[in-house]
Every structure is written in C-alpha cells, then in structure tokens.
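Structure first, then comments.
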Amino acid sequence: MDSPRPLYSSFSSTSRTYPRYSTANRDDSSLPGTKSTPKRKLSQKRKTLSFQFSMGHLSPWPMFTSGQTILQNRKPCSDKYWKRTGSWQPQSLGTAKPRYLEELENYLRKELLLLDLGTDSTQELRLQPYREIFEFFIEDFKTYKPLLSSIKNAYEVMLAHQREKIRALEPLKAKLVTVNEDCNERILAMRAEEKYEISTLKKEKMNLLKLIDKKNEEMASLQSEVDGNGVVKKLRKNLAEEYLNYLSERDARKILIADLNELRYQREDMSLAQSPGIWGEDPVKLTLALKMTRQDLTRTQMELNTMKANFGDVVPRRDFEMQEKTNKDLQEQLDSLRADYEEVRKEHEILLQLHMSTLKERDQFFSELQEIQRTSTPRPDWTKCEDRIAGGPDRWQVLARGKNSDQLVDVLLEEIGEGLLREKDFFPGLGYGEAIPPFLRFDGPVENKKPTKKEVVDLLKDAWNERRAEEQKEKFPDFFFNFLEHHFGPSEAMAWAYTIFENIKLFRSNEVMSQFYAVLMGKRKESVYINQMDTVAQLQKEMMSADSQNEGLLTIEQLSTILKTIFPLKKEEQIQELMEAGGWHPDYSSEDLLNYRSLFVEDEEGQSDPFVQKLWEQYADEKDEYLQELKQELGLELRDEVTLSRLREALMNIDPSIDKQTMNGYISQAFQLPVSELPEEGDEEEKGIMTLLQIILERLQMADIRRVGPRELEPTSQDHRGQPG
C-alpha cells in the first residue's frame, strides 16, 4: 500500500529558500511612527516574502517525524506561550521545525514587539501581523486559496460588523452616564425632600405630644377642682357625725333596756310580796318556773345581742335616701362636667382641623395669588375713557355706574359702533336667502335713517303698545315690518327696518333694545317681556293704592308689605335687595318715607331705575334655578332623551302647585306641539313623544317659565324663589 500523501507534498517539488529576516531586510515603513498605511505595508511585505519564499523549499514536516511525537496544544505566537516558556524560543517538539514555519513565527514575533499593546488603539493593529501571515498562507497554498479567502472574508465582515456596533454603542454609553447622573441627582433630591418631611413630621409629633400633655393637665385640674370643692370632705364629716349620733343612740337604748328590766324585776318582787297566796305554792313548781324564766331571759338576751350585732351600724332609711340623693346629684354634676369637657375637647380638635385646613387654603390661595399676579394682565384704567367719550366725564360716570370690566367693554364697543353707525349713509342689502329674516330681505343699498337712541326707543315702545293691543296676533317679524309700513309707508319701511335692526343689534346694554332684539330674532318669547311689564304695572298700581294721600310717598314698612304681597315666593333676602335697589338703607326706620314714583322713572334712552333692573335680574336668576331643579329632578345628561310623561312627572315634583293649563303650556313649549294635540295624562302616546334634554331646556329658557307655588315639605313663607304666574 502506498504511504499517505504528505500535507505539503504539492509544494515539495518547488524550490524555495526560507527568508532570514533581520532589521536590514524589514521595510522601515513597518516601524512605528512612519506614515505608510497598513495596506501599503502589507503589499510591500507580501512582495518581499513572496520573492524570498519562491527561492526556498517547503519540507513535508511533520510527516517525516516520529508518529509518537505529540504536538503541544499551544499557539506558537500567543503571549501565554512566551510567558510559560520564559523566552522567545519555541519549545522543542522532538524534531526540527520547517524553516518556513520558523521564519513565519520569527516575523510574527518581531511585528508584535514593534506594537505598543498598552493602548486601546493598538489592540486592533495587533491583528495586522496575523492578517499578513494568513495572507501569506493564502498566496502560497493555491489549492486552498478559495477556502482560506472565504474564511478570511467572513472574519473580516464579522470584525467590521462588531466594529460598527461598538461605534454605535459609544453614544449610548455617554447617554447612559448622563442618565445615571440624572438619576443620582433625583435620588439625592428625593432623599432631601424625605428628610425634610421626616423633620416636619417629627416637629408635628412633638407639638401633638405637648398638646396631649396640656390636655392631661387640664383634665387633672378639672378633677382637682371637682375634689377641691369640699363635697367629699363634707360628706365624710356628715357621715362621722351621723355615726357618733348612732353610737349615742345605741348606748342610750342599752341603758333604757337595763332600766326597764330593773323596773320589771322590782314590780315582780312587789307583786310577790303583796300576794300572800304565792308563798303557799309548791317550791318545786316555783323553782321550775324560775328556771324556765331564766332560760327565756337567756334566749331573749341572745336574740337582743344578735339584733344589736346585725343592726348596730344600720343607717335609717330617711338618712340613707338623703345621702343617696346627694350622691346622685353629685354624680350627675360630674357626668355633666365630663360631657362638657368631652364636647370642648372635640370642639378643640375640630378647631385644630379647621385651623390646619385654613392654613392649607391660605397657602394655596397665596400661591394662586402670586401666580395670578405674575401671569395676569394689569387692570385697565377706565378713567382714560372720560376725555374720549362724547359728553365728557359726566356722561362716562353715568355709563360706567355699577358695571364691571366686561360690561364697560360692551359700553366702549357701543360708543365706537355708534360713531361708525353715524358715518354710514347706506347699508348693503342682505339678499333674499332663507336664512335672512323676512323684514331684511332686500337686494341693493339701503338708506341709513340715522335716528337717535331716544327715537329708536320711542319707536320700539310704540311697537310694543300696538302689539299688545293687537287682537289677531301674527308672527312678530311680520308684525314688525307691517308696523314700519304703517308708520313710514312701504317705500321707507325697508330702510327703517335695516336702521332699527342695526341699532338694536349694537346697543345690547339698553333694556328696551336688547329685549326687542331677542324677541325679533326668536331667542325669547314675547310673553316674557309682556308679562314682566304687567308685573311692573301691577306693582306700581298697588303702590298707588297704598298712597291714600297721592303724594308719591310710602313708608318702608308699606313698601315691604307690598313686595311680599306681589311676590309671596321670594326670599327675605330678595325682598331686601329690591328695597335696597329702591333706595332703602338699613339705618332707616320703618316709618321713613320713600318716593315710590322714582322707582319706575326711565331716562330719555329707555334705561330703567335700578329697582326695575333688579326685578329683571331676579326673574332671570329664578328661571335658571327653576330649570336647574328640573334638570336635577330628571337626573339625565344633556344628550339623553326625555319623554313627555317623564317631563310632566318632574314638573309636578318640583312645583306641586302648578295647574294643568300652565303645565300644558310648558310641555307645549318644550316639545313644540300645540296644546290641543298634547296627549292626556296617563295616555300611552306620552311615552312615544321624546326630545333631547338640552333642546328642552333651551326651549323653556326662551319662554316665560316661573314657579307657581312652593315645593313640598317647605314652609309657605317668603323663604322661596319664584313669582306668581
């Protein structure tokens, strides 16, 4: 059998000389500090070694070595190898190494010595000598070149991938350090905060302990006060006196019994001496009788001693009951004092809690105040408007009286709008669209009539008077346009319609204009304004009836009585607000006179007195409260649907005094159904009629809604809201 082919047999026929490297053979570019690149050094070294290896001979080692020789499992070029051997000479393997292997190892050793392995930057350069040795193998072993090249490429790709991953992780490392520092700072801050809280709690604990000690001292003082009143000492003294009295009585009783026995014995002796027949009796019989008598005396004496022993210290019932009553009174006083002390202690705890909550609220309000002062804008200086408003400071004082900043802004807007409105000669027509109100449907320019405020207010009042006198009522917008045609003619009606509409839309602070605008645009029912005017007229009539002298004066008591008669459901506070709006002051007496006619006077622009304005404000507040009670009674959200029967039931619950006609009017307004088409109560059709709660509340807000009577379980005095229907 043929011997196995050696590993390097394919190179045995090639004549090569092994390179003998020295400092002269090595290229200077491989020295540290040179500026040649690794690729350039590899190319130069490859050419040199290829030239030298081409002159050598590859031996078939270790094929010709003894089969018993075992190679040591070490890397010839590793650091551990050189450290263990103690020198840079390879250990003997029993046979000489091939020159090619020795030359490669020497080359690798020299290259590693030239590298500075102390820094991280040279750790990657350390692979360069191994890479060059591997390149030599790839170039010399042609048969295995593809396989070795693929292995080298795979390792190069992996090294490049790991290098990119390390480069990508560098920012994360820096970020991790930053996050770690932030976390440490937060931990330190939290520890500082916890330390502060712990110190605060300790202080609070000490304060509470001091408070407990103080309360214990107070309790001890109260107890000593109860004991110090002398009640116990007095009872003990009385008991000692009674005990002495009972001892004296016992001794006197014993003496009395002894005296009685002595008298009885003397009486018996005298009777025996006076009865001569007794001496004639039998001595034996007398001896026996004497013996029996002495036994009875002994038994009686024993019973008497037993009675004395058992009842010698007994207190008479009368004294016992007196002492028991005294003790009971003292016990009741003690219980009362304890109850008072417990109540005071509880009140003190409640006051402490209130004090703490007040402190927290104060701190919160203070911080809110600081935040508001920091973020809020400064309040405007309204005095700057005095010189810029037509009429000067006097007119501005009239306009600004009793108004807040929001209302003053409206006043300024009205003044600005009035000036712009005066400058307009024509209004642009709005066209004939469906969204345009009927009285404004016109195409083309419309003349601005430029009336004064007083003229507009007088015209609106005439329209209201004519509307109230009208028998066949038509829709309010149609009535308004017909009214203008009747007063100004068909040719001027449209111009006046545009002019009045622009004025009432601008001057919202004027009561007459704002009410007329709301009714004209369908935002409020005209019955609201009419019923309120009827209420004012009724109030004025009652005041005139009470003024028997027709002097225009009423006492404060008469005014209060009239208001409570006209508005029986108003609260006492509301009545007082009306009287204060009419000029009443708490310092006035009930006999002071008040000019009631001035309460209903209007200025030239239709503005009412504060008394009538307060009536309007209270009416609006009462309506809002009535609708809020209705919403709470239904217990639904605004987006929920409400059936007709459920609304009827809720109205009956919040206003039990409501009559059927008024309720049907409210339901008709809520569901937009004629009263004649409403189903009867309890009918099945009620459950099929439903509308959203939000829509119902909006519709009722437009109408004249008010409470008819007080709620159940409430007194029928003036402590109620609302007005008569």
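The values are calculated or read from the model by the stated rules, or taken from the named source; none is laboratory data. From a predicted model like this one, the values you see are computed outputs, not experimental measurements. Cβ atoms come from the backbone with ideal geometry, glycine included; neighbour counts cover every protein chain shown. These accessible areas exclude ligands, DNA and RNA; they are computed on the full protein's heavy atoms, side chains included. Shrake-Rupley method; radii C 1.70, N 1.55, O 1.52, S 1.80 Å.
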Being surrounded by fewer than 16 Cβ atoms within 10 Å (Cβ to Cβ) and either within 23 Å of residue 482 (Cα to Cα) or not hydrophobic (A, V, I, L, M, F, W, C) (or both) narrows 509, 545 down to just 545
One residue from 247, 256 being out of contact with any Lys or Arg (no Cβ under 6 Å at 6 or more places or on another chain), within 24 Å of residue 313 (Cα to Cα), modelled with pLDDT of 85 or more and open to solvent by 80 Å² or more (accessible area, probe 1.4 Å)
256
Single match in 361, 349 (criterion: under 20 Å from the mean Cα position of the chain (by Cα) and either at pLDDT 90 or above or on the phi < 0 side of the Ramachandran plot (or both))
361
Within the range 512-521, how many residues are touching a Lys or Arg at 6+ places or on another chain (Cβ under 7 Å) and open to solvent by 20 Å² or more (accessible area, probe 1.4 Å)?
2
Please state which of the following conditions residue 411 fails to meet, knowing it meets all the rest: (1) open to solvent by 40 Å² or more (accessible area, probe 1.4 Å); (2) over 19 Å from residue 496 (Cβ atoms).
(1)
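For the range 444-518, which fully contained helices (runs of 4 or more DSSP H) count at least 3 residues that are within 24 Å of residue 413 (Cα to Cα) and out of contact with any Cys (no Cβ under 9 Å at 6 or more places or on another chain)?
Passing ranges, in order: 453-469, 490-506.
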What pairs come out if I take residues in the range 102-125 that are within 27 Å of residue 163 (Cα to Cα) and pair them with residues that are modelled with pLDDT of 85 or more and open to solvent by less than 50 Å² (accessible area, probe 1.4 Å) whose C-beta lies under 7 Å away, six or more apart or interchain?
108/129; 108/133; 111/129; 112/129
Within the range 618-663, count every residue that is over 27 Å from residue 572 (Cα atoms), of a type outside the set (Lys, Arg) and surrounded by fewer than 18 Cβ atoms within 10 Å (Cβ to Cβ).
9
Any idea which of (1) open to solvent by 90 Å² or more (accessible area, probe 1.4 Å); (2) at pLDDT below 90 is the one residue 220 doesn't satisfy?
(1)
All positions within the range 428-443 that are part of a loop (DSSP other than H, G, I, E, B) and either among the hydrophobic types (A, V, I, L, M, F, W, C) or under 19 Å from residue 505 (Cα atoms) (or both)
429, 430, 435, 436, 437, 441
Among the residues of the range 286-335, what is the count of those that are over 26 Å from residue 258 (Cβ atoms) and surrounded by fewer than 10 Cβ atoms within 10 Å (Cβ to Cβ)?
2
Residues that are exposed (fewer than 10 other Cβ atoms within 10 Å of the Cβ) and not in a helix (DSSP H, G or I): does the range 226-241 have at least one?
yes
Against the condition touching a residue at least 12 places away in the same chain (Cβ under 8 Å) and in a helix (DSSP H, G or I), how does residue 374 come out, does it pass?
no
Give me the pairs: first residue in the range 253-271 and within 17 Å of residue 289 (Cα to Cα), second residue modelled with pLDDT of 85 or more and of a type in the set (A, V, I, L, M, F, W, C), beta-carbon distance under 6 Å, and six or more apart or on different chains, which are they?
none
Could you list, in sequence order, all residues of the range 420-463 that are of a type outside the set (Lys, Arg), open to solvent by less than 30 Å² (accessible area, probe 1.4 Å) and within 50 Å of the chain's Cα centre (by Cα)?
421, 437, 457, 460
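Per-residue answers, yes or no, for (1) open to solvent by 60 Å² or more (accessible area, probe 1.4 Å); (2) within 43 Å of the chain's Cα centre (by Cα):
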position	(1), (2)
523	yes, yes
537	no, no
551	yes, no
569	no, yes
578	no, yes
584	no, yes
Would you tally the residues in the range 623-668 being at positive phi and either basic (Lys, Arg) or in contact (Cβ under 8 Å) with a residue 24 or more places away in the chain (or both)?
0
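Take the range 662-701 and flag every residue that is among the small types (Gly, Ala, Ser) and under 23 Å from residue 619 (Cβ atoms).
Across the range 662-701, the qualifying residues are 665, 668, 670.
Residue-by-condition table, conditions (1) among the aliphatic types (A, V, I, L, M); (2) within 30 Å of residue 395 (Cβ to Cβ); (3) under 34 Å from the mean Cα position of the chain (by Cα):
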residue: 600; (1), (2), (3): no, yes, no
residue: 615; (1), (2), (3): yes, yes, no
residue: 645; (1), (2), (3): no, no, no
residue: 654; (1), (2), (3): yes, no, yes
residue: 690; (1), (2), (3): yes, no, no
residue: 694; (1), (2), (3): no, no, yes
Spot the failing condition for residue 396; the list is (1) assigned to a helix (DSSP H, G or I); (2) modelled with pLDDT of 80 or more, and only one is missed.
(2)
Of the residues in the range 671-709, those that are part of a helix (DSSP H, G or I) and closer than 19 Å to residue 531 by Cα come to 699, 700, 701, 702
